[in-house]
Amino acid sequence: MKADVLLGLQWGDEGKGKIVDVLTPDYDVIARFQGGPNAGHTLEFNNQKYILRSIPSGVFQGGKVNIIGNGVVLDPLLFKQEAEALAASGHDIKKLLRISKKAHLILPTHRILDAAYEAAKGDGKIGTTGKGIGPAYTDKTSRNGVRIGDLLHNFDAVYKAAKARHEAILQSLGYTYNISELEAEWFEGAEYLKGFDLIDSEHVINNYLKEGKTILAEGAQGTMLDIDFGSYPFVTSSNTICAGCCTGLGVAPRNIGEVYGIFKAYCTRVGSGPFPTELFDETGDRLCDIGHEFGSVTGRRRRCGWIDLVALKYAVMINGVTRLIMMKSDVLDGFETIKACVAYDMDGQEVTDFPYTITDSVKPIYAELPGWQTDMTKMTDENEFPEEFNAYLSFLEEELGVPVKIVSVGSDRKQTVIRYKEEGIKVVLAEAQQP
Ligand code: GDP
Ligand code: IMO
Ligand code: MG
């Protein structure tokens, strides 16, 4: 078997959690391959809302195996909070979850370093989620990281050495902090984490594939936040793209199957960095209000704008997307006209290939399409779609060169319409939508 991958094509928060949950009945195994508690993946069903950070979004449907892969960075303190909150709501995930020993730990001092680096950058700050992601991945790359497997052997010495290194940096930055409470809670989390099934996930995953088990790899963040191809330096510190699944789970490139690319019918971004189609007017406010665009982890207001097909086309190319998923189309239900950026005007030049850098002088060139002005939130079949909506879909498919297989018309699990059913996103999907 091959592993399918689901990943974000914009600047994160596309709705990955919802769709992984919807697709879970089709798979035996769901695996996160990168990122950490900077992610906030929202799922809604039976009038309940759940926000997952480090735990894969396949834990709610029928006892599937869920794996946290080696490419993830895990904070035991936040992991314990997340797992305990799930248990309190009746979802004990202990038997479902397996965690790679090669995943790196986010230490308390990583979180403090994240804050210190942001403070040092002043106005040029990235606007990180403050979860220690950058410092943890930096240590991994500089071969100073601490892995979950280290919890099982001689941990005190490894921890103390890392902490001493971090404290020397914090001192050099003149950053004041108090670590004792955070550290005590962190160690409780580390003990808790040791109670989970800690595995050599690359072997486990490849054995699953050999046995013919189906795997869905769940991405975090989005392609435009990728450390290599995103809007650097305003990015996260991991490879959010399809290739990240190979390194973050140990799946060989030839064992990647379908690549689900997920995008909002418009566009959002949280934190600093370029965003050519950002709207600073009442249309932007309207998208934010109707779409409830506030960060699920930090509560920050998300910046909103029209869909950017220059960036999306780039993301489709980098990831080799085979199936598109369009989210939150309901947010546009009341709009008279809808704009889509088809090129950038860069100092008088029309640019359609995503450029090396985006400066303030980049101006979006828009195509304008008629809105559908129909409440689509209760639609369950593509035959109900209004003509203008179909025209919008066809326009996107033509521009991006990949079919839109799933349309999400609301935040609930059931508000999901599968297109081209006969071509086989499997029947189980339809069952997943039953109440
Ligand atoms: P993720 O990080 O990609 O999993 O996305 P988030 O959970 O951070 O953000 C997506 C937000 O949109 C969440 O609040 C979801 O409940 C919500 N959502 C997902 N799909 C839809 C949709 O089709 N329509 C609407 N209105 N909300 C949606
Ligand atoms: P999900 O998985 C949206 C953004 C931060 C910041 C930049 C770097 O829910 O889509 P970091 O803490 O990773 O060092 O922050 O990346 N960011 C996200 N934005 N969704 C996310 O995750 C994000 N994870 C990080 O806002 O701009
Ligand atoms: Mg999110």
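Annotations for the structure displayed:
- Set against the 2.2 N^0.38 Å expectation for a compact globular protein, the chain has a Cα radius of gyration ratio of 0.96.
- Each stretch of four or more DSSP H residues adds -39500 (n - 2.57); spread over every residue of the chain, this sum gives -9500 deg cm²/dmol at 222 nm.
- A 1.4 Å probe run over the protein chains yields, for the chain, 41 Å² of accessible area per residue, whole-number rounding.
- Couplings 3J(HN,Hα) for the range 292-300, derived from phi with the Karplus relation 6.51 cos²θ - 1.76 cosθ + 1.60 (θ = phi - 60°), are 6, 7, 10, x, 6, 9, 9, x, 5 Hz, where x marks Gly and Pro.
- Length gained on full extension, residue 163 to residue 281, computed as 0.36 nm times the residue gap minus the Cα-Cα distance: 37.9 nm.
- Annotation: aspartates and glutamates with alpha-carbon distance below 12 angstrom to residue 194 (same-chain offsets under eight excluded): 150.
- Cα centre as origin, Lys/Arg/Asp/Glu Cβ charges: the chain dipole, Debye: 1620
- Sorting 347-356, 65-74, 188-197, 225-234 by their mean Cβ neighbour count within 10 Å, with the most densely packed peptide first, gives 65-74, 225-234, 188-197, 347-356.
- For residue 214, the residues 5 or more places off, or on other chains, whose built amide H falls under 5 Å of its own are 28, 29.
- Entries in 102/363; 64/264; 64/125; 94/378 that, when Cα-Cα distance is taken, lie over 32 Å: 102/363; 64/125; 94/378
- Karplus-based coupling profile of the range 218-229, in residue order and whole Hz: 9, x, 10, 6, x, 4, 6, 9, 5, 4, 8, 10, with θ = phi - 60° in 6.51 cos²θ - 1.76 cosθ + 1.60 and x standing for Gly or Pro.
- The aspartates and glutamates whose alpha-carbon is closer than 13 Å to the alpha-carbon of residue 213, local same-chain residues fewer than 8 away aside, are 4, 26, 28.
- Cut-off under 5 Å, modelled amide H: who pairs with residue 301 long-range: 295
- Ligands, DNA and RNA left out, the accessible area of the chain computed with a 1.4 Å probe is 49% carbon and sulfur.
- Relative contact order for the chain: 21 percent, from Cα pairs under 8 Å spaced at least 6 residues apart, divided by residue count.
- Ordered from longest to shortest, the equivalent ellipsoid semi-axes for the range 30-138 are 27, 16, 11 Å, each the square root of 5 times a Cα gyration tensor eigenvalue.
- Packing-based order for 402-414, 240-252, using average beta carbon neighbours within 10 Å, highest first: 240-252, 402-414
- Whole-Hz Karplus values for the range 77-94 come out as 4, 5, 4, 4, 4, 5, 5, 5, 5, 5, 4, 5, 8, x, 10, 7, 9, 4 Hz, taken residue by residue from phi with 6.51 cos²θ - 1.76 cosθ + 1.60 and θ = phi - 60°; glycine and proline positions read x.
- Taken along the Cα-to-beta-carbon direction at a fixed 7 Å, the label points for residue 381 and residue 247 span 4.7 nm.
The values are calculated or read from the model by the stated rules, or taken from the named source; none is laboratory data. If you're wondering where the values come from, they're calculated on a predicted model, not measured in any experiment. All Cβ positions, even for glycine, are placed from backbone atoms using ideal geometry, and neighbour counts span all protein chains on display. What goes into the accessible areas is simple: the full protein's heavy atoms, side chains included, and nothing from ligands, DNA or RNA. Shrake-Rupley method; radii C 1.70, N 1.55, O 1.52, S 1.80 Å.
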